[in-house]
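What follows is a set of notes on a single structure, which appears directly below.
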Amino acid sequence: MTTLERRAASESAMEALGAAWARAFAHLGLVTLRGPLGAGKTTLVRGLLRGLGHEGAVKSPTFTLVEPYALAGVTVNHFDLYRLKDPEELEFLGPRDYLRKGALCVVEWPERAGAFLPMPDVEVIIQIQDGERLLQLISRSPRGEAALSGLP
Ligand SMILES: Nc1ncnc2c1ncn2[C@@H]1O[C@H](COP(=O)(O)OP(=O)(O)O)[C@@H](O)[C@H]1O
Ligand SMILES: [Mg+2]
C-alpha cells in the first residue's frame with residue numbers, strides 16, 4: 001500500500017493536479033474522493049476530465065447522482081452520492097454495470113454507498129488546511145499501486 005501527499009493552494013492548482021493524474025487514473029476501475037463539502041472534489045474531477053480531453057462543462061451530478069463522459073479512449077462515470085439517502089437506492093443506478101464496462105468510475109461521497117461499492121483502486125482524501133487543500137492518495141489494489149508510482 002502506497003500513500004502519497006500533495007498540496008493544492010488554489011482552485012487552478014487543484015485542477016492542474018487532476019489533469020496531471022488523468023493518464024495514470026484512466027486505466028483504473030474505481031477512484032473514491034472523500035472530504036467535506038467544499039473540499040475540492042468536483043474541482044479535482046474537472047481537472048481529470050480536462051486532462052482526458054473533455055472541453056465542456058463539468059458540474060456536480062448532485063441530483064442525477066451520476067454523469068457519464070464518453071471521451072477518446074475512455075469513459076469516465078462521475079458519481080456524486082451526497083444526496084443518496086439509503087445505500088440501497090444505488091441499486092437502481094446499476095452501479096455494477098458502470099463498474100464493469102472497463103470505464104473509470106470517480107465517486108464523491110463513497111461513504112454514502114455503504115457496502116454497495118467494491119474496494120477502490122485509489123482512495124483520495126482531501127482536507128482543508130488554512131485555506132489550502134491537503135490531498136492523501138492511498139492505493140487499495142495492485143492497479144492502484146501501479147498508478148501511484150511515478151505520479152507527479
Ligand atoms: N485547492 C483549493 N484551494 C482553494 N480553493 C479550492 C481548491 N480546490 C477547490 N477550491 C474551491 O472550493 C470550492 C468548492 O469546490 P468543489 O470542487 O465544488 O468541492 P466539493 O466537490 O468537494 O464539494 C470551489 O469554490 C473551488 O473554487
Ligand atoms: Mg462536489
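Taking the Cα centre of segment 63-152 as the origin and placing charges on Cβ (Lys, Arg +1; Asp, Glu -1), which of 115, 82, 99 is farthest toward the positive end of the dipole?
Result: 99, furthest along the dipole toward the positive end.
Could you work out [θ]222 nm for the chain from helices alone, using -39500 (n - 2.57) per DSSP H run of at least four and dividing by all its residues? Round to the nearest 500 deg cm²/dmol.
So the calculated ellipticity at 222 nm is -7500 deg cm²/dmol.
Out of every Cα-Cα pair in the chain, what percent are more than 26 Å apart?
17
Kindly state, to the nearest 0.05, the FRET efficiency for residue 55 paired with residue 11, given R0 = 22 Å and r defined as their beta-carbon distance.
Using R0 = 22 Å, I get an efficiency of 0.75.
Readers should treat all values here as calculations from the given coordinates under stated rules, not as data from a laboratory. Remember, it's a predicted structure, so these values are computed and weren't measured experimentally. Ideal geometry is used to build each Cβ from the backbone, glycine not excepted, and the neighbour counts take in all protein chains shown.
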